[in-house]
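First comes the structure, then the notes that go with it.
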Amino acid sequence: MTGETTISKKFRYILLLMCVCIVFWLSALQVRAAAPVLSAKNLSVTVGHTRTLKLQNVSGKVTWSSSNAKTAVVSSTGTVTGRRAGSCVITAKYRGKAYQCMVKVYRTGIEWMPNYLQKKNVPAKNQGRVVLAGSSYIEYWTSASTAFAPLKTVNNGIGGSTIQDWMTLYEKLIVNYKPSAVVVYVGSNDIAGGKSGKATAAQACLLLKRLKTKLPGVPIYYISIAPSIRRWNLWKENQICNKAVSSFCSKTSGVSFIHCTPYLLKNGKLRKELYRSDQLHFNQKGYQVWNQVIPARIKKDLK
């Protein structure tokens, strides 16, 4: 009996020791899995645009810095803003350790975003969605996915892009997704670049024709060029373009013009409260206008 009791005690001791070791091992794994990690080691951004970095698995203060503030700056919350073309390193410091990301700043989005979007929004995984395509007004429309629900969207907006850019990209970033509908916002950068409203409209209509040919039966929507504070001097040319494209859409089956201008003006004057501090792009209030007008029209058509 005494021998059996001794063996039993030894067995329980060994079992307890094994349990303690397992607990310590699991704790070590948990600590290792929760180590701080930067959301990206390489980042691309366009001059004047922003992208956000995050240091994950941290609970205290993170200090951010840029190796070259003339190329890109970073805010206290990790928002990186491109200032001029070039490269720099963004560093996040936490509890004495540094975590770095190489940032490449491009002059225009067209130099890097097409390849980035194809990797981010893989066509094979995003078939049959409403494709949003065009310039920065589309790129910054981050609330679109919620506004279009239950319809699913894919945002392929590229800041600074022109109609000519989309003439070369529409198959890769629109047609390949076999969309249920297409929403296009283009023309503003063309007019800002010196083209007349009439010439811009002709190019926009040609793009719409090509989309209609490549996507028979798929509804295509053109959003009216929006006025802005910074480009108010170009508003007359924008209106010429809008009017011409609207006329084309009214005569072309399957292609529709969504006129948002009345919601952006009050008594003929621009509603300045709808725009960011850059005086060019919508702020959250501005996008609420689009959220209320555009998805409702498309949902009605698609039922």
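The values are calculated or read from the model by the stated rules, or taken from the named source; none is laboratory data. Remember, predicted model here, so these are calculated numbers, not experimental data. Glycine also receives a Cβ, built like all others from the backbone with ideal geometry; neighbour counts cover every protein chain displayed.
The listed residues are 236, 285, and the only one of them that is more than 25 Å from residue 170 (Cβ to Cβ), in contact with a Leu (Cβ under 6 Å, 6 or more places away or on another chain) and assigned to a helix (DSSP H, G or I) turns out to be 285. Take the conditions (1) closer than 22 Å to residue 210 by Cβ; (2) in contact (Cβ under 8 Å) with a residue 40 or more places away in the chain; (3) in a helix (DSSP H, G or I); residue 132 misses just one of them, which is (3). Quick one: is residue 247 over 21 Å from residue 160 (Cβ atoms), at pLDDT 95 or above and outside any helix (DSSP H, G or I)? So residue 247 fails the test. The residue list 154, 105, 131, 122 contains one member that is among the aliphatic types (A, V, I, L, M), at pLDDT 95 or above and touching a Ser or Thr at 6+ places or on another chain (Cβ under 6 Å), which is 105.
Mind checking whether some residue in region 232-243 is within 18 Å of residue 199 (Cα to Cα) and touching a Cys at 6+ places or on another chain (Cβ under 9 Å)?
Looking for residues that are within 18 Å of residue 199 (Cα to Cα) and touching a Cys at 6+ places or on another chain (Cβ under 9 Å), one finds none in region 232-243, hence no.
Can you tell me which residue is surrounded by the most Cβ atoms within 10 Å (Cβ to Cβ) among those in region 204-220 that are of a type in the set (A, V, I, L, M, F, W, C) and part of a loop (DSSP other than H, G, I, E, B)? Of everything passing the filter in region 204-220, 215 is surrounded by the most Cβ atoms within 10 Å (Cβ to Cβ). Filtering region 232-284 down to residues that are touching a Ser or Thr at 6+ places or on another chain (Cβ under 8 Å) and of a type in the set (Phe, Trp, Tyr), which residue is surrounded by the most Cβ atoms within 10 Å (Cβ to Cβ)? Applying the filter and picking the extreme gives 275.
Among the candidates 194, 159, the residue that is in a loop (DSSP other than H, G, I, E, B), on the phi > 0 side of the Ramachandran plot and not charged (D, E, K, R) is uniquely 194. Restricting attention to region 88-120, the residues that are surrounded by fewer than 19 Cβ atoms within 10 Å (Cβ to Cβ), farther than 19 Å from residue 159 by Cβ and touching a strand residue (DSSP E or B) at 6+ places or on another chain (Cβ under 8 Å) total 7. On the stretch given as region 163-178, residues that are surrounded by fewer than 23 Cβ atoms within 10 Å (Cβ to Cβ) and in a loop (DSSP other than H, G, I, E, B) total 1. Across region 262-285, the number of residues qualifying as basic (Lys, Arg) and touching a residue at least 40 places away in the same chain (Cβ under 8 Å) comes to 1.
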